[in-house]
1. When you go through A:Ile41, A:Ile82 one by one, which is the residue that is surrounded by 14 or more Cβ atoms within 10 Å (Cβ to Cβ) and either modelled with pLDDT of 80 or more or of a type in the set (Ser, Thr, Tyr) (or both)?
2. Output the residue which, of all residues in the range B:2-15 that are surrounded by fewer than 18 Cβ atoms within 10 Å (Cβ to Cβ) and more than 19 Å from B:Asn60 (Cβ to Cβ), is nearest to the other protein chains (Cβ to nearest Cβ).
3. When you look at A:Glu89, is it assigned to a helix (DSSP H, G or I), away from chain B (no Cβ under 14 Å) and either of a type in the set (D, E, K, R) or under 18 Å from B:Tyr136 (Cα atoms) (or both), yes or no?
4. Could you say whether any residue in the range B:45-66 is modelled with pLDDT of 90 or more, part of a helix (DSSP H, G or I) and not hydrophobic (A, V, I, L, M, F, W, C)?
5. Collect the residues in the range B:139-158 that are assigned to a strand (DSSP E or B), within 14 Å of chain A (Cβ to nearest Cβ) and of a type outside the set (Asp, Glu), keeping them in residue-number order.
6. What's the number of the condition B:Ala62 fails, among (1) under 12 Å from B:Lys13 (Cα atoms); (2) in contact with a helix residue (DSSP H, G or I) (Cβ under 8 Å, 6 or more places away or on another chain); (3) more than 10 Å from every other protein chain (Cβ to nearest Cβ)?
7. Quick one: would you say A:Ala118 is within 11 Å of chain B (Cβ to nearest Cβ), more than 16 Å from A:Gly76 (Cβ to Cβ) and either hydrophobic (A, V, I, L, M, F, W, C) or part of a helix (DSSP H, G or I) (or both)?
8. Only one residue in A:Asp55, A:Asp64 is closer than 30 Å to B:Leu12 by Cα and either surrounded by fewer than 18 Cβ atoms within 10 Å (Cβ to Cβ) or without any contact (Cβ under 8 Å) to a residue 12 or more places away in the chain (or both), so which one is that?
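The values are calculated or read from the model by the stated rules, or taken from the named source; none is laboratory data. Since we're looking at a predicted model, the values are computed, not measured. Cβ: placed from backbone, ideal geometry, glycine included. Neighbour counts: every protein chain shown.
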Amino acid sequence: MKKGGRLHKAIRFAARCTERNREYWSGKCSNRTGTDGSDKIDMTVPQVSILPFADVPDLLGGADAHVVGIYFIVTGPAPTSILFILSAEKAGLLVDMLMQRKTGETDIYNLSEIEISAMMELGNILSATYLNALSMFTQLTFIPSVPALGMDMAGAILNAILAQFGEIADHVLLLETDFTKDQDEVVGHFFLLPEPGSLQTILKALGVSF
Amino acid sequence: MAKIIQVGMADLKMTRAPDRLMTAGLGSCIGICIYDRAIKLGSLAHIMLPSSLQAKNPENMAKFADSAIEVVIDMMLKNGANRSRLQAKIAGGAQMFRFSGESDIMKIGERNAIAVEENLQKHRIPLLARDTGGNYGRTITFDPETGDLLVRTIGHGERII
């Protein structure tokens with residue numbers, strides 16, 4: 001199966017990428033999703049920010065920006081959530097890339113099962129890469145759930161996730177990583193949202209005392 | 001000049017016509033509009049959670065259905081509203097993510113909607129219209145002049161309730 005083969009190839013690239021991540025985090029890790037090697041996605045150094053809930057949607061281009069969100073619940077000694085967000089337009093381009101189509105052929109308003117599955121797979125690859133790297137640094141185990149996919153307004157997607165944190169906090173801690181293609185074009189944002197207590201565990205594992 | 005006042009997540013605002021109130025990207029959250037049509041005074045609360053009672057930090061009153069409604073009513077009465085004239089419209093409470101094993105967290109939208117209705121009932125505020133549920137986000141604009149609530153969505157149409 002051609003499509004499946006392509007996905008597997010992408011996964012292999014991700015695995016190789018993880019290898020590289022062991023050597024250095026500093027921004028040069030790459031996932032290749034294309035067979036010809038021209039479609040390369042880079043990952044930036046994570047930025048840490050503590051934000052009030054109300055400000056989070058602004059990071060994503062406003063609360064009513066149309067986005068695709070891929071969400072994972074991560075269990076283990078330091079439970080967290082992962083949210084990978086990209087604009088609907090960019091998501092369409094990535095699906096084009098994965099499905100070997102011409103640019104702009106994917107109708108993001110009307111995705112088929114296989115296209116949704118491709119998006120989720122992309123999320124799997126990216127989050128696995130990220131978690132492997134984090135695991136290397138912290139020596140902690142992170143176990144991601146299956147992906148959940150949401151396509152809608154940025155604010156609406158965030159609501160559902162932030163609500164879990166809402167019972168205990170008014171601020172959320174975000175580890176934000178940008179995924180870029182061809183050096184400058186931002187593909188998407190990747191957020192790690194540690195549950196209360198998890199941050200201490202992660203920082204302690206990293207040898208940071210506070 | 002009529003303004004459109006933005007209400008953020010876990011936030012609440014009050015205004016008079018001709019200004020309007022808007023909140024963008026309601027997912028599992030709910031936008032509660034309580035207004036007194038006679039004096040054209042309206043409010044919009046963007047709540048995230050059903051109840052402040054289970055919360056470990058209930059300081060931000062606008063975050064919870066029960067406390068937000070209380071604060072709004074208080075604020076409106078202080079600004080000349082008449083309790084018997086208060087009416088409400090609500091929108092939001094969607095379920096944005098589907099996991100194979102559905103957890104409680106993911107049903108937060110539904111729980112929010114129920115809590116809002118119960119609290120409105122408790123304060124005897126008639127709920128004139130609602131646009132809740134589904135699996136899509138909503139951006140809403142409330143006009144205290146007419147009492148119209150404009151609901152916009154991506155791919156699920158636009159309507160005034």
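1. On the way: A:Ile41 fails: either modelled with pLDDT of 80 or more or of a type in the set (Ser, Thr, Tyr) (or both).
Sole residue among the options that is surrounded by 14 or more Cβ atoms within 10 Å (Cβ to Cβ) and either modelled with pLDDT of 80 or more or of a type in the set (Ser, Thr, Tyr) (or both): A:Ile82.
2. The initial filter retains those residues of the range B:2-15 that are surrounded by fewer than 18 Cβ atoms within 10 Å (Cβ to Cβ), namely B:2-6.
If we keep only those that are more than 19 Å from B:Asn60 (Cβ to Cβ) as well, we get B:2-4.
Numbers: B:Ala2: 20, B:Lys3: 18, B:Ile4: 13 Å.
Per the criteria, the residue is B:Ile4.
3. Details: assigned to a helix (DSSP H, G or I): yes; away from chain B (no Cβ under 14 Å): no; either of a type in the set (D, E, K, R) or under 18 Å from B:Tyr136 (Cα atoms) (or both): yes.
So A:Glu89 does not fit the description; no.
4. Checked against the condition, which is being modelled with pLDDT of 90 or more, part of a helix (DSSP H, G or I) and not hydrophobic (A, V, I, L, M, F, W, C), the range B:45-66 yields at least one hit.
5. Step one: list which residues in the range B:139-158 are assigned to a strand (DSSP E or B), which gives B:139-143, B:148-152, B:158.
Then keep just the ones that are within 14 Å of chain A (Cβ to nearest Cβ); that gives B:139-141, B:150-152, B:158.
Passing the criteria: B:Thr139, B:Ile140, B:Thr141, B:Leu150, B:Val151, B:Arg152.
6. Evaluating B:Ala62 over (1) under 12 Å from B:Lys13 (Cα atoms); (2) in contact with a helix residue (DSSP H, G or I) (Cβ under 8 Å, 6 or more places away or on another chain); (3) more than 10 Å from every other protein chain (Cβ to nearest Cβ) leaves (3) as the failure.
7. Working: within 11 Å of chain B (Cβ to nearest Cβ): no; more than 16 Å from A:Gly76 (Cβ to Cβ): yes; either hydrophobic (A, V, I, L, M, F, W, C) or part of a helix (DSSP H, G or I) (or both): yes.
Against the criterion (within 11 Å of chain B (Cβ to nearest Cβ), more than 16 Å from A:Gly76 (Cβ to Cβ) and either hydrophobic (A, V, I, L, M, F, W, C) or part of a helix (DSSP H, G or I) (or both)), A:Ala118 does not qualify.
8. Values: A:Asp64 fails: either surrounded by fewer than 18 Cβ atoms within 10 Å (Cβ to Cβ) or without any contact (Cβ under 8 Å) to a residue 12 or more places away in the chain (or both).
Exactly one residue qualifies, and that residue is A:Asp55.
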